[in-house]
Ligand SMILES: NC(=O)c1ccc[n+]([C@@H]2O[C@H](COP(=O)([O-])OP(=O)(O)OC[C@H]3O[C@@H](n4cnc5c(N)ncnc54)[C@H](OP(=O)(O)O)[C@@H]3O)[C@@H](O)[C@H]2O)c1
């Protein structure tokens, strides 16, 4: 069992995180999934930790003794609001889940990662800003800053730190937009490849970043958006 690489994946119960878990298991990894709800279908190499990551003080204890070769932080929420009507609790909650949790996890696991280990944060192409999503965008931009900083720190050990930035992916996170007659059509109209991404579409990028083929790729943002806003 010790020769089998081990990954910790947050957001394992749904969407992109669940798709990454399934691919890792298919590729022969052992996976510890973290989310409040259960993870994907039972698999002998899958272990689930039910945890509300917003309880950041519980993270170190819950993950004590775990020393993965790879960390994926995919857990996230999307709260929207425009200036003049911002909900500061929403902003704080997103900062906690996206940024504080990434910081805690990286800090916890960095000393335990092996030579050639991998850290991937799921960011967003929205990190550069979008109306109504300033609070969300700020948290995803912070992930880029942290990834680039820690890529430099961990480079001497061959550990890479990267961000995968999805465009519009069909998951519960954005279901309200997909089902919206104008907004949903707008995504289709402005995505060069003419469709919403499926969580599985993101997995190839992650699989590359988890593999030996990406050993020279660190501190980058890998955008996977079907050519959003090219058309
Ligand atoms: N879908 C898109 O179009 C899109 C675009 C850009 C970026 N992203 C990013 O991609 C990541 C995954 O999103 P998704 O589309 O896969 O969304 P999703 O299907 O809604 O999944 C979100 C995941 O986050 C977990 N999570 C949320 N709050 C949590 C908490 N307090 N504690 C523990 N786990 C928590 C959820 O698990 P539980 O509810 O079971 O706890 C779930 O597994 C997010 O970081 C999101 O910002 C998505």
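The values are calculated or read from the model by the stated rules, or taken from the named source; none is laboratory data. Since the model is a prediction, treat every value here as computed from it, not as a measurement. Quick reminder, even Gly has a Cβ in these numbers, built from the backbone with ideal geometry, and neighbours come from all protein chains shown.
Residue 42 is checked against (1) surrounded by fewer than 20 Cβ atoms within 10 Å (Cβ to Cβ); (2) part of a loop (DSSP other than H, G, I, E, B); (3) touching a residue at least 24 places away in the same chain (Cβ under 8 Å); (4) at negative phi and fails just one. What number does that condition carry? With (1) surrounded by fewer than 20 Cβ atoms within 10 Å (Cβ to Cβ); (2) part of a loop (DSSP other than H, G, I, E, B); (3) touching a residue at least 24 places away in the same chain (Cβ under 8 Å); (4) at negative phi applied to residue 42, the lone miss is (3).
Those helices (runs of 4 or more DSSP H) of region 121-231 in which at least 3 residues are touching a strand residue (DSSP E or B) at 6+ places or on another chain (Cβ under 9 Å) and closer than 23 Å to residue 111 by Cα, considering only elements entirely within it, cover 134-154, 199-210. Considering the conditions (1) in contact (Cβ under 8 Å) with a residue 24 or more places away in the chain; (2) near the ligand (Cβ under 10 Å from one of its atoms); (3) farther than 23 Å from residue 144 by Cβ; (4) surrounded by 13 or more Cβ atoms within 10 Å (Cβ to Cβ), residue 19 is excluded by exactly one of them, (3). Does region 30-39 include one or more residues that are touching a helix residue (DSSP H, G or I) at 6+ places or on another chain (Cβ under 9 Å), at pLDDT below 95 and away from the ligand (no atom under 13 Å from the Cβ)? Within region 30-39, not a single residue is touching a helix residue (DSSP H, G or I) at 6+ places or on another chain (Cβ under 9 Å), at pLDDT below 95 and away from the ligand (no atom under 13 Å from the Cβ). Which residues, taken from region 208-220, are on the phi < 0 side of the Ramachandran plot and surrounded by fewer than 20 Cβ atoms within 10 Å (Cβ to Cβ)? Answer for region 208-220, where residues must be on the phi < 0 side of the Ramachandran plot and surrounded by fewer than 20 Cβ atoms within 10 Å (Cβ to Cβ): 208, 211, 212, 213, 214, 215, 216, 217, 220. Mind listing whichever residues of region 86-101 are more than 10 Å from the ligand (Cβ to nearest atom) and not in a loop (DSSP other than H, G, I, E, B)? Across region 86-101, the qualifying residues are 88, 89, 90, 91, 92, 95, 99, 100. When 83, 25 are checked against the criterion of being in a helix (DSSP H, G or I), more than 13 Å from the chain's Cα centre (by Cα) and away from the ligand (no atom under 15 Å from the Cβ), a single residue qualifies: 25.
Quick grid of which residues meet (1) over 27 Å from residue 40 (Cα atoms); (2) modelled with pLDDT of 95 or more:
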| residue | (1), (2) |
| --- | --- |
| 120 | no, yes |
| 143 | no, yes |
| 172 | no, yes |
| 182 | yes, no |
| 186 | yes, no |
| 192 | yes, yes |
| 195 | no, yes |
| 222 | no, yes |
| 225 | no, yes |
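Only residues that are within 14 Å of the ligand (Cβ to nearest atom) and part of a strand (DSSP E or B) were counted in region 47-62, giving 3. Here is the figure for region 189-207: residues that are under 30 Å from residue 24 (Cα atoms), more than 13 Å from the ligand (Cβ to nearest atom) and surrounded by 13 or more Cβ atoms within 10 Å (Cβ to Cβ) total 2.
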